[in-house]
1. What's the number of the condition A:Ile246 fails, among (1) under 30 Å from A:Ala560 (Cα atoms); (2) among the aliphatic types (A, V, I, L, M); (3) without any contact (Cβ under 8 Å) to a residue 12 or more places away in the chain?
2. Return the residues of region A:556-593 that are part of a loop (DSSP other than H, G, I, E, B) and either of a type in the set (A, V, I, L, M, F, W, C) or under 23 Å from A:Gly122 (Cβ atoms) (or both); say none if nothing qualifies.
3. Determine, yes or no, whether B:Ile133 is of a type outside the set (S, T, N, Q), assigned by TED's automatic domain parsing to the domain that holds B:Ile88 and in a loop (DSSP other than H, G, I, E, B).
4. Going through region A:274-319 one residue at a time, which ones are part of a strand (DSSP E or B) and within 17 Å of the chain's Cα centre (by Cα)?
5. Determine which member of the set A:Leu602, A:Leu628 is under 23 Å from the mean Cα position of the chain (by Cα) and not β-branched (Val, Ile, Thr).
6. In region A:568-586, how many residues are without any contact (Cβ under 8 Å) to a residue 40 or more places away in the chain and among the hydrophobic types (A, V, I, L, M, F, W, C)?
7. Looking at A:Asp525 and the list (1) touching a Pro at 6+ places or on another chain (Cβ under 9 Å); (2) among the acidic types (Asp, Glu); (3) more than 16 Å from A:Val132 (Cα to Cα), which single condition is not satisfied?
Amino acid sequence: MPPVDSVTVHRPRRWDEPMDPHMTDADVDWLLARMPFAGLDASQFPKSIPLDGVLKNDCRLHRFSPGQVIVREGDYANSAFLVLEGNAELITRPLPPDVLGRREVEKRSWPEALWQFLRPSGVREARNPEDVTPDVELHDRPGTDHLSAASSDKSNHSAGEAETQPTLFLQDFGGLVRAGQTARLVAGELFGEVATMLRGPHGATVVAGENATLLEIRLQGLKMLQRDTAFAERMEEHYREHWLAIHLKEIPLLRFVPESNLRNVVEHTQLRSFGRLQWNADYSKTRKLSPAEQIESEPIVAREGHHVTDLIIVRSGFGRVCQNYGSAQRTTAYLGKGHVFGLEEITLSVTGGNGSPMPLQHSLRAVGFLDTLHIPVECFAREVLPHIRRSELPPNAAEAMLHSPSTVESRERRALKRARSDSESVSSVSGNEEASGTNVQAKAWDDLPSPTGTSFEPTGLLEFIVQNRYNNGRQAMIIDLHRCTRCDDCVKACADVHDGNPRFARIGNHHERLQFVEACMHCTDPVCMIGCPTGALHRDEATGLVRISENICIGCGVCAKGCPYDNIEMVAVSDPKGRPFLDVKSKQPITKATKCDMCSGLPSGPACAAACPHDALVRIDLSESPPLEDWLRRRT
Amino acid sequence: MSLVERRQSNAVSATQKWKTTVAHSVQRVSGFGRAYSFRRRRVVAAAIVAVSLALDAGLVSVMHSALLHTGVMTGWMLMSCLILLILIGVRRRIPVLPLGTMSVWTQVHIYTGVFAMGVFAMHVPAVLQGRLIASGYLEGSLSGLFLLVSGSGVYGLIASRRIPWRLTNVGEQVRMDQIPWYREQIARSVSQEVQALTNPASIAVIGEFHRRYLSRYIGGKPSLLYLLVPTSVRRRRVLAGLVELNRYLEEEGCRVCGRLAALVRRRDDLDYQYALQLRLRVWVMFHSTASIALVVMAIIHGILAMRFVES
């Protein structure tokens, strides 16, 4: 019996908020009659989450007009699309940003920048009319009356909220098709699933062709559909066939592996996911836990002391490497995309460096969300290890490789060969040229990401960074409080270059002498982008910065709510005379998302870092540890 | 490392070892050998200033021997230095142009200032005669102002290195503009604590203490003396008073006293932050205003001196 003073409420359920509230049972029946859903085994779905429920609540039907953009290259994906009827065209060449409705920030010239600086509008958040409304053809999304087209016995329905969102039509779409710059996707083909599963950007723009009816499946639904073995196998097969080899090649450790070996690796590699993809939803709670509690709450990927069975490669997300210490665990490093786990143990086990198989020396846990590739030890030893440069192996493993009986003979041969080539190079190449060549090579190696991650010292700083997920930041703003005189010149400079509107305040968590300021970090995993309905929030491919195309920002605030660090602010905008922009229909103020843009329009770069007179402020990449280590080391 | 190099490395002589040890020591002291460090920057900049001053002194000596006007040369040097020194203010106010980072400008400012002090000693004959201030109203004022600006510059350099460290180690990291708001919050919390008392003894004892001492401390602003020399005297007195009250209070009243003591400590930390941040800001204003006055006076002095030289 509940206590007398309790309040009774309904427990929230999975599908309280369906993706499209207008999906009807008739829609679901229609879908179930079509492939691939007709071939799915409904018995493989749990009773609480049946197949028809997934289709009804995690999917949305769209009927696109010819030339209408379905997904844009560079937009972060939260759902995949299945072509049901008609066709879609995948654009095979990159399109200019303005064609896709994005207005790229152009670098202002010196005189322009100076002129604008000397003549501020004096109005809070002033915008020109062309920055408030899009300069591309925008229409209300056409009603998803697919059913009237597909079968006349089903009623039309309004598309509700989604339909009011503006959509984009590609100019001269027909010309691109005629020029052969598109690849056709026909009924039954799925696209965008890799970007969705990996939380990455779409690799290409897809535009609707004739009579295109598509089913949008959000990530949660996509994961559920994978419960059907055939569907999961089909998706995995698709990934293996088209993407896995590309992803493996991108890993520095595997770059010298020959094609034939890589094919075997692709065949044997397993794909796994850990943790919760929407980690930002729990972030505010988990960051308040003590490090020990947080470590305990993280899903374990590999446990210390167990036998090593796979080389684990981080495909996306972050992993925490920790080690038993006393009665708890302490963090020794964190891993990001492309980092590997278990390399030293595998190498020592394979080469017999310790005389017996070496168990894992650390545990790996998923920080929020972790997507991994697992290469079995035997496959790794056979196909990959012989092609890894010794300098890229951990020191102990490299030493073991050096003394491995199987390599002694070949090592001697290589030593003699190198000695010969040394003497040849001394006689043929001048000393300076040789030195510069070596330097260039050394620099190239330095540029490579560390394959095993690197640890910070002391552990407290490392745990603070992981605890607060600052390791997500690629342009995190850090202030050294032992050098900062609190003059606020950084904030003033930011305001000066943004027409009097600073894009950050000098506040934020601090650990010992380092303050992590609340300014956009242009994250590795930019969760703010995921829900953006128009793609206004996007990543600049050239610079990697997360940008806002204000002209297509509809002011919905999804990004501001999604940013776990509260670094995006919604502001009502006015014209340079101070008159607020209002919506024609609702008379509500027009709001736009604002955040740090790294002063990308300025000739001088980020004004905050340049304005600090005491070397106290830096914009730094925290997804790798060396930049922060170097920065701290320099401060002596 | 190649096989040839590995073989060579085994035959390191004692001389080479000694050279390596010396090289390591130099690297450790100077910061050389690293990509970049503050230590290395200091050593390089100080060396450049020392060499420049030595060259300048040599030149002055040669000119003096040749019976030339060394004052003209050192005067122009000083004027150039002063203009370079005040340009940092211009750079600070124009963040939109790629004129280099303020950090670089600050380093140039510091070492140009040090160089200017050396040139000043060569330029003003009184300094060489053991007097700091030159004779004559204008020259005396000018030299006094130069020393004031130089002194404030040296103080600023030390303060900008020491005060941030002190700020970081005391209390929360609050922005100066937010401090009045935080003070209000603390004052409100104190009032709420006092008003929430229910025990008559506590109301009498704590209420009287609040009326006579605590409200004045919490509601008031720090004194000018505190702003100049922030000390913990006031805080200790108030805390001692609160501790003294405990013997007259029951358990609940003691707990309230403890919470009030925490608020007093917080308020004192805020005042400390305020005093130090204010000091840094006032220093910048003072130094920049005095620098502008110095440049104006130096220009007047220069015009007069050039007229004298020409005549």
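The values are calculated or read from the model by the stated rules, or taken from the named source; none is laboratory data. Everything numeric in this text was worked out from a predicted model, so none of it was measured. Backbone-built Cβ (ideal geometry, glycine too); neighbour counts: all protein chains shown.
1. Condition (1) is where A:Ile246 drops out.
2. Hits for region A:556-593 are A:Cys556, A:Cys563, A:Ile568, A:Val573, A:Asp575, A:Pro576, A:Lys577, A:Gly578, A:Arg579, A:Phe581, A:Val584, A:Ile590.
3. So B:Ile133 fits the description; yes.
4. Step one: of region A:274-319, the residues part of a strand (DSSP E or B) are A:274-275, A:300-302, A:307, A:310-319.
Listed by number, the residues that qualify are A:Phe274, A:Gly275, A:Ile313, A:Val314, A:Arg315, A:Ser316, A:Gly317, A:Phe318, A:Gly319.
5. A:Leu628
6. 3
7. For A:Asp525, the failing item is (1).
Matching residues to (1) touching a residue at least 24 places away in the same chain (Cβ under 8 Å); (2) surrounded by fewer than 16 Cβ atoms within 10 Å (Cβ to Cβ):
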{"site": "B:Ala57", "(1), (2)": "yes, yes"}
{"site": "B:Met77", "(1), (2)": "yes, no"}
{"site": "B:Arg91", "(1), (2)": "no, no"}
{"site": "B:His123", "(1), (2)": "yes, no"}
